[in-house]
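Input: a single structure, listed below in structure tokens.
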Amino acid sequence: MLSKHNITEFPPAILLMGPTASGKSNVAMEIAQYFPVEIISVDSAQVYRKMNIGSAKPDQYALAAVPHHLIDLINPDEHYSAAQFRQDALTKMDEITARGKIPLLVGGTMLYFKALKEGLSELPSADENIRRKIEIAAAKKGWPEMHRMLKQFDPITAERVKPHDSQRIQRALEVYYLTDRPMSEILSQQKSTPLPYNLISIALLPADRKILHERILFRFEKMIEMGLIDEVRTIRDQFCVNAETPSMRCVGYRQVYMYLDNFISLTTMRDMGIAATRQLAKRQLTWLRAMTELQEFDCLAENLSQQVIAYLQTRDFATN
């Protein structure tokens, strides 16, 4: 329970962040041995049912040992947004705190962490009619041409989005057509909404990125060995998904989907999957480097968990 003499104005919550393959899940389970925590997943792939191997979802033993939340929320053919995550996470944090426990938010989806900490701008809801018109135009002209069109309306967003990123191009155009304002302008007016929690933010960062890349290679090959290809094949058979469905755009799943569609070979799929995962890690590190008030730890350190636990013991926590 929380120590009475250490209680601050707001209850505590731990944010455990880091790139893929940085060991976040293992550290979280170690933290649970010392502090009364319940884990909230901050992972845009783990929200999907059936997506277990490619999302590195906690196994049955971890789930039985420590309560986990925001895992297996929706089917792979459904959508889940950062706004939904924020609402669900705040609900779970409130419930965990009410039980006298500490929310431990663990993951690498930095957009979710940003949404949780800062709130979200009031972007309009999706409009199926406008989306359909954009998709029809893209089918005729191609997404690079739609990207050039976006550049005319919203050069700032276009600069941040790649010419083949259909999902983000579509959303930016949709927002412009609905509001007659660039999405970048709306986002720049976003108001920060402080969380009613005493946040302890921890980042697991690699001192040597080459070693992290080796971990990523081993991890992806292990996923293939564990049955990632069959996992994606089963999802394709059971649900109405395609290459552009958000769940199938997740790193690893996208490359296996392309392989199952006979667009690439098994060797190319492996190489592309590893490269995409390394690019994801690079983006995650960029997000983390821009964040403030972080306590950083070398995720490659042999005694990583002990370091993190020792740090937490200096904060406003006390074991039962």
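The values are calculated or read from the model by the stated rules, or taken from the named source; none is laboratory data. Since we're looking at a predicted model, the values are computed, not measured. Cβ coordinates were reconstructed from backbone atoms using ideal geometry, including for glycine residues, and neighbour counts include every protein chain displayed.
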Next item on the list: Tell me which residues, restricted to region 231-246, are without any contact (Cβ under 8 Å) to a residue 40 or more places away in the chain and part of a helix (DSSP H, G or I).
Entry: Arg233, Arg236, Asp237
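Quick grid of which residues meet (1) of a type in the set (Lys, Arg); (2) at pLDDT below 95:
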{"site": "Ser3", "(1), (2)": "no, yes"}
{"site": "Asn6", "(1), (2)": "no, yes"}
{"site": "Glu9", "(1), (2)": "no, yes"}
{"site": "Leu16", "(1), (2)": "no, no"}
{"site": "Asn26", "(1), (2)": "no, no"}
{"site": "Glu30", "(1), (2)": "no, no"}
{"site": "Ile39", "(1), (2)": "no, no"}
{"site": "Gln46", "(1), (2)": "no, no"}
{"site": "Lys57", "(1), (2)": "yes, no"}
Note to self: I'd like the full set of residues that are surrounded by 12 or more Cβ atoms within 10 Å (Cβ to Cβ), on the phi < 0 side of the Ramachandran plot and of a type outside the set (Phe, Trp, Tyr), limited to region 134-148.
What the structure shows: Ile134, Glu135, Ala137, Ala138, Lys141, Pro144, Glu145, Met146, His147, Arg148
Checklist line | Filtered residue count, region 289-320, keeping only those that are among the β-branched types (Val, Ile, Thr) and modelled with pLDDT of 95 or more | finding: 2
Checklist line | Hey, Ile309 in contact with a helix residue (DSSP H, G or I) (Cβ under 6 Å, 6 or more places away or on another chain), buried (at least 16 other Cβ atoms within 10 Å of the Cβ) and not polar (S, T, N, Q) or not | finding: no
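Restricting region 34-73 to residues that are under 25 Å from Arg99 (Cβ atoms) and assigned to a strand (DSSP E or B), which is nearest to the chain's Cα centre (by Cα)? Break it down stepwise before answering.
Pass one, region 34-73, residues under 25 Å from Arg99 (Cβ atoms): 34-43, 46-47, 57-73.
Imposing the further condition that a residue be assigned to a strand (DSSP E or B) reduces the set to 37-42, 68-69.
Numbers: Val37: 20, Glu38: 18, Ile39: 15, Ile40: 12, Ser41: 9, Val42: 6, His68: 16, His69: 14 Å.
Once the filter is applied, the top-ranked residue is Val42.
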Check: Within region 213-230, is even one residue surrounded by fewer than 20 Cβ atoms within 10 Å (Cβ to Cβ) and at pLDDT below 95?
Finding: no
Next item on the list: Determine the pairs where a residue that is surrounded by fewer than 17 Cβ atoms within 10 Å (Cβ to Cβ), located within region 64-77, has a partner that is acidic (Asp, Glu) with Cβ atoms under 6 Å apart, the partner being 6 or more residues away or on another chain.
Entry: Pro67/Glu38
Item checked: Sole residue being within 18 Å of Gly54 (Cβ to Cβ) and out of contact with any helix residue (DSSP H, G or I) (no Cβ under 6 Å at 6 or more places or on another chain), chosen from Glu221, Glu302, Glu296 -> Glu221
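Among helices (runs of 4 or more DSSP H) lying entirely in region 247-320, which contain 3 or more residues that are of a type in the set (D, E, K, R), under 19 Å from the mean Cα position of the chain (by Cα) and in the same structural domain as Tyr80 (by TED's automatic domain parsing)?
Working: elements: 253-260, 266-290, 304-312.
Correct list: 266-290.
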Item checked: Selected residue (criterion: surrounded by the most Cβ atoms within 10 Å (Cβ to Cβ)) from residues of region 231-252 that are over 15 Å from Asn52 (Cβ atoms) and not hydrophobic (A, V, I, L, M, F, W, C) -> Thr245
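Which one of Lys50, Lys57, Lys24 is crowded, with 19+ Cβ neighbours inside 10 Å, farther than 30 Å from Gln189 by Cβ and in contact (Cβ under 8 Å) with a residue 40 or more places away in the chain? I'd like the intermediate steps shown before the answer.
Numbers: Lys50 fails: crowded, with 19+ Cβ neighbours inside 10 Å; Lys57 fails: in contact (Cβ under 8 Å) with a residue 40 or more places away in the chain.
Sole residue among the options that is crowded, with 19+ Cβ neighbours inside 10 Å, farther than 30 Å from Gln189 by Cβ and in contact (Cβ under 8 Å) with a residue 40 or more places away in the chain: Lys24.
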